[in-house]
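Here is the structure we will look at, set down as structure tokens.
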Amino acid sequence: MGKLTAPAIRARKVSDGAEPLVMVTAYDAPGARVASQAGADLILVGDSLAMVVLGYDDTLQVTVDDMAHHTAAVARARPAAHIVADLPWMSYHVSAEETVRNAAVLVRAGAQSVKLEGGRKRLPMIERICDAEIPVMGHIGLTPQSVHAMGGFKVQGRQAEAARRLVQAAKSLAHAGCYSIVLEGVPVQVAEMVTDAVDIPTIGIGAGPHCDGQVLVFHDLLGLETRLAPKFVRRYAELDALATDALRRFAEDVRSGAFPSPQESYHLSETELAALGIPEF
Ligand code: KIV
């Protein structure tokens, strides 16, 4: 089966009988290969890169160049999944020209679409990117790039008025041309209201089961990121423990002389040994 295109993703509403969309983040070629082999529909080269790969405390530290570098690495794995790349903070806030140029950098690096955070304030930029024929995924609710404005990574839409604003924001994003929307960190009922209100798919993270798809961060679901464990993360593996154990056994083998074995080493032929005057052993 070929890659899912943005128009094909746009049509994937569970209420119309579609299967839920599966999205996972990846930031390099091995991660993209694993996601593709596992049958993910979309790979998100997320700006969570900053936190889970580059070790920062928030997502504000990555640049368009960082995102392009990692998008290109993902694309070189030629995954079967649709690649969507995050526009990082301040890459779509200054001017429409800069925004469109930055989106184009990510497409040239190998993305088939871009994602940006925010509601109604972002409509002009979304329209300009769509005008440049680049599909846009929206992202509302808990938007990590607004960490300082929100006063932390906090669940959004807990009050009735805030929930109504999220529904309005989703409708405006759909109207502006987004082909799907990530809904992050909102109560289950709010995610359901938003999902019912728009005819484009919602992809949830910490937004309950009523979205049209789900996304998790690669390092969270594989247990490679162990510092934080938000309640919405389900760990499908404990790779941090597995990798630590493997490296510990490697260290023991090196220190005891058990690694490398003769089978793991290259040897001179008998003739060359004789020519060098080295006795066989
Ligand atoms: O950057 C990211 O990983 C994201 C997901 C949390 C949706 O935006």
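Values quoted throughout were computed directly from the atomic coordinates according to the rules given, and no laboratory measurement underlies them. As the structure is a prediction and not an experimental result, all values here were calculated from the model. Heads up, the Cβs are rebuilt from the backbone with ideal geometry, glycines too, and the neighbour counts pull from every protein chain shown.
Details
- Pairwise FRET efficiency - E133 versus E19, Cβ, R0 = 35 Å, nearest 0.05: 0.80
- Largest mean-square fluctuation among P262, P230, P187, in a Gaussian network model of the chain whose springs join Cα atoms under 10 Å apart, belongs to P262.
- For the stretch 191-211 versus the stretch 17-51, the spacing of their alpha-carbon centroids is 19 Å.
- Cα centroid of the stretch 87-108 to Cα centroid of the stretch 127-180, whole Å: 17
- Helical contribution to [θ] at 222 nm, DSSP H n ≥ 4, -39,500 (n - 2.57), averaged over the chain, rounded to 500: -11500 deg cm²/dmol
- Computed from backbone phi, the HN-Hα couplings of the stretch 92-106 come to 9, 10, 8, 8, 5, 4, 4, 4, 5, 4, 5, 4, 5, 4, 5 Hz, rounded to whole numbers (Karplus: 6.51 cos²θ - 1.76 cosθ + 1.60, θ = phi - 60°; Gly and Pro given as x).
- For the stretch 199-214, putting each phi into the Karplus relation 6.51 cos²θ - 1.76 cosθ + 1.60 with θ = phi - 60° gives couplings of 9, 10, x, 9, 10, x, 9, x, 10, x, x, 8, 7, 8, x, 9 Hz, in residue order, rounded to whole numbers and with x for Gly and Pro.
- Nonlocal amide H pairs with G204, under 5 Å, H built at 1.01 Å: L183, D212, G213, Q214, V215
- Sites matching GluC sites (Glu not before Pro) across the stretch 129-226 that sit in DSSP coil, with at most 13 neighbouring C-beta atoms within 10 Å: E133
- Residue exposure proxy: E97, E238, ordered by other Cβ atoms within 10 angstrom of their Cβ from fewest to most, comes out as E97, E238.
- Taking each residue as 0.36 nm, the span from A241 to D196 lengthens on full extension beyond its C-alpha to C-alpha distance by 12.1 nm.
- Residues in the stretch 259-273 carry Karplus couplings, in order, of 10, x, 8, x, 5, 9, 10, 8, 10, 6, 6, 4, 4, 5, 4 Hz; the curve used is 6.51 cos²θ - 1.76 cosθ + 1.60 with θ = phi - 60°, and Gly or Pro positions show x.
- Along its first, second and third principal axes, ordered by size, the chain spans 85, 39, 37 Å in Cα coordinates.
- As a rough footprinting exposure proxy, the listed residues T143, T271 were ranked by other beta carbons within 10 Å of their own, and the order from fewest upward is T271, T143.
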